[in-house]
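Enquirer: Take a look at this one; I'll ask things after.
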Amino acid sequence: MVPLQVEQPGAAYIFVTILIQCSYIFYSLWMIYFFLLQEIESLSRNVDIQKRTVGKEGISVHSSEFSKIWHKILKDYKLHMDSKLAPTLTDAQLTVLELLQERDVMKPSDLAPHLATSPAAVTMLLDRMEKHELISRERDNADRRIVWISITETGKKETERGLKIRSDFFAEALDPISSHNQQLLLYLMGKMVVTTTPEAATS
């Protein structure tokens with residue numbers, strides 16, 4: 001029997017076959033790319049919608065948590081200062097003494113913005129401080145209506161004691177936090193501080 005002669009495919013046939021296969025591969029890759037592109041766009045739209053929906057709710061959640069922590073710190077601070085400063089000093093009196101130590105003399109009306117209280121309450125506070133010899137009050141020589149307040153030697157000693165008590169509280173509060181995070185905390189809290197001075201706010 002004469003064996004059949006199988007005709008070998010020509011170069012043109014091989015080229016067309018390869019071209020078709022490449023076309024299939026390219027089409028498959030394009031479909032995958034198109035599908036991924038659609039998914040990414042859909043995901044982006046969903047994230048954008050969630051941001052618009054949550055928005056202020058997310059902020060309120062953070063502010064609520066911050067408020068709880070802040071009030072806890074203030075409560076602990078007040079308890080610490082009240083117990084350690086007693087019986088000769090209060091935290092409000094320490095604030096007055098700090099201001100007087102920085103400025104030498106002040107008028108009672110100058111203190112009210114720093115203490116966030118009424119003039120009558122400031123007068124009562126100064127009465128108690130003068131009784132404990134923390135401050136002295138003198139009338140102005142030129143205008144007897146003006147009263148000048150100054151710090152006494154006893155007041156200076158109590159200021160030093162009070163500042164150490166305050167420093168000890170914050171040193172203990174910050175102790176669990178690393179030095180780097182303490183610097184970060186100071187930076188972030190600095191962002192929150194209102195730069196308007198009490199004098200500017202009342203002018």
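The values are calculated or read from the model by the stated rules, or taken from the named source; none is laboratory data. Because the structure is a prediction, the values reported are computed rather than measured. All Cβ positions, even for glycine, are placed from backbone atoms using ideal geometry, and neighbour counts span all protein chains on display.
Enquirer: Residues to consider are 80, 62, 132; find the one that is at pLDDT 90 or above and outside the structural domain of residue 172 (by TED's automatic domain parsing).
Expert: On the way: 62 fails: at pLDDT 90 or above; 132 fails: outside the structural domain of residue 172 (by TED's automatic domain parsing).
When all the criteria are applied, what remains is 80.
Enquirer: Same structure again: Just one of 110, 127 is out of contact with any Asp or Glu (no Cβ under 9 Å at 6 or more places or on another chain) and acidic (Asp, Glu); which is it? Quick ask: steps written out before the conclusion?
Expert: Details: 110 fails: out of contact with any Asp or Glu (no Cβ under 9 Å at 6 or more places or on another chain).
Just one listed residue meets the conditions, 127.
Enquirer: When only residues in region 82-96 that are loosely packed, with under 15 Cβ neighbours inside 10 Å and not in a loop (DSSP other than H, G, I, E, B) count, which is farthest from the chain's Cα centre (by Cα)?
Expert: It comes out as 83.
Enquirer: Being more than 12 Å from residue 93 (Cα to Cα), surrounded by fewer than 14 Cβ atoms within 10 Å (Cβ to Cβ) and under 35 Å from the mean Cα position of the chain (by Cα) narrows it down to one of 116, 142, so name that one.
Expert: Working: 142 fails: under 35 Å from the mean Cα position of the chain (by Cα).
From the options 116, 142, the qualifying one is 116.
Enquirer: Residue check, residue 73 against (1) hydrophobic (A, V, I, L, M, F, W, C); (2) surrounded by fewer than 12 Cβ atoms within 10 Å (Cβ to Cβ); (3) under 23 Å from the mean Cα position of the chain (by Cα), all met but one. Which one?
Expert: (2)
Enquirer: Hey, among the residues in region 141-177 that are touching a helix residue (DSSP H, G or I) at 6+ places or on another chain (Cβ under 8 Å) and small (Gly, Ala, Ser), which one's nearest to residue 73 (Cα to Cα)?
Expert: Per the criteria, the residue is 173.
Enquirer: Considering only region 97-187, give the helices (runs of 4 or more DSSP H) lying wholly within it that have at least 2 residues that are among the hydroxyl-bearing types (Ser, Thr, Tyr). Steps first, please.
Expert: On the way: elements: 108-115, 119-131, 153-174.
Correct list: 153-174.
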